[in-house]
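Values quoted throughout were computed directly from the atomic coordinates according to the rules given, and no laboratory measurement underlies them. Because the structure is predicted, anything quoted here is derived from the model rather than measured. Positions of Cβ are generated from backbone atoms using ideal geometry, with glycine treated the same way; all protein chains shown enter the neighbour counts.
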């Protein structure tokens with residue numbers, strides 16, 4: 001995934017740990033828990049010579065709104081996020097998967113296979129799983145709502161404990 005170097009970030013405390021929020025001029029481009037798998041290089045190793053950490057900007061209107069909506073979400077008062085999103089860091093296939101995730105309602109789950117069918121790529125279940133794992137917008141693009149076809153709670157880049165907590169918060173468990 002390729003992220004724009006001109007993005008800005010802020011940190012957001014949540015009951016499940018801190019989240020780094022990143023915005024471009026087009027919209028919210030990232031929401032990652034600390035130590036989450038598949039972090040962009042700018043967050044995973046900001047001290048390395050080639051990586052430049054995005055500047056902190058707490059006054060950015062997209063980031064301010066994202067912090068507000070996350071607080072409302074964790075308070076159980078909101079079911080959806082209403083933010084402009086910038087999914088351009090992903091491939092067209094990844095973007096299709098992430099858009100399909102946005103259609104999974106709060107309080108429900110879906111399987112990797114069902115999501116593959118939804119995007120018209122029934123045989124691409126493993127690729128769909130890879131795109132879900134690299135979702136740059138944890139919670140906002142609800143990849144935690146995807147479970148195994150047997151109903152098993154499979155992996156989550158933010159950690160299985162967080163996935164369980166999010167599904168419980170939403171009433172899906």
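Some points to look at:
- For segment 92-169: relative contact order, % (alpha-carbon pairs under 8 angstrom, 6 or more apart): 32
- Within the chain, helix-based [θ] at 222 nm, where runs of 4 or more DSSP H residues each add -39,500 (n - 2.57), nearest 500: -9000 deg cm²/dmol
- Angle in degrees between helix 92-102 and the longest Cα principal axis of the chain, rounded to the nearest 10: 70
- Added length on full extension, which subtracts the Cα-Cα distance from 0.36 nm per residue, residue 119 to residue 161: 12.3 nm
- Taking label points 7 Å from Cα along the Cα-to-Cβ direction, residue 102 and residue 26 give a separation of 1.2 nm.
- Acute angle (nearest 10 degrees) that the helix 160-169 long axis makes with the longest principal axis of the chain, alpha-carbon atoms: 80
- Exposure proxy for 140, 128: other Cβ atoms within 10 Å of each Cβ, ordered fewest to most, give 140, 128.
- You can think of it this way: the chain between residue 12 and residue 154 has 48.5 nm of extra reach, that is 0.36 nm per residue less the Cα-Cα gap.
- Rough spin-label spacing in nm, given labels placed 7 Å along Cα→Cβ, for residue 75 and residue 53: 3.0
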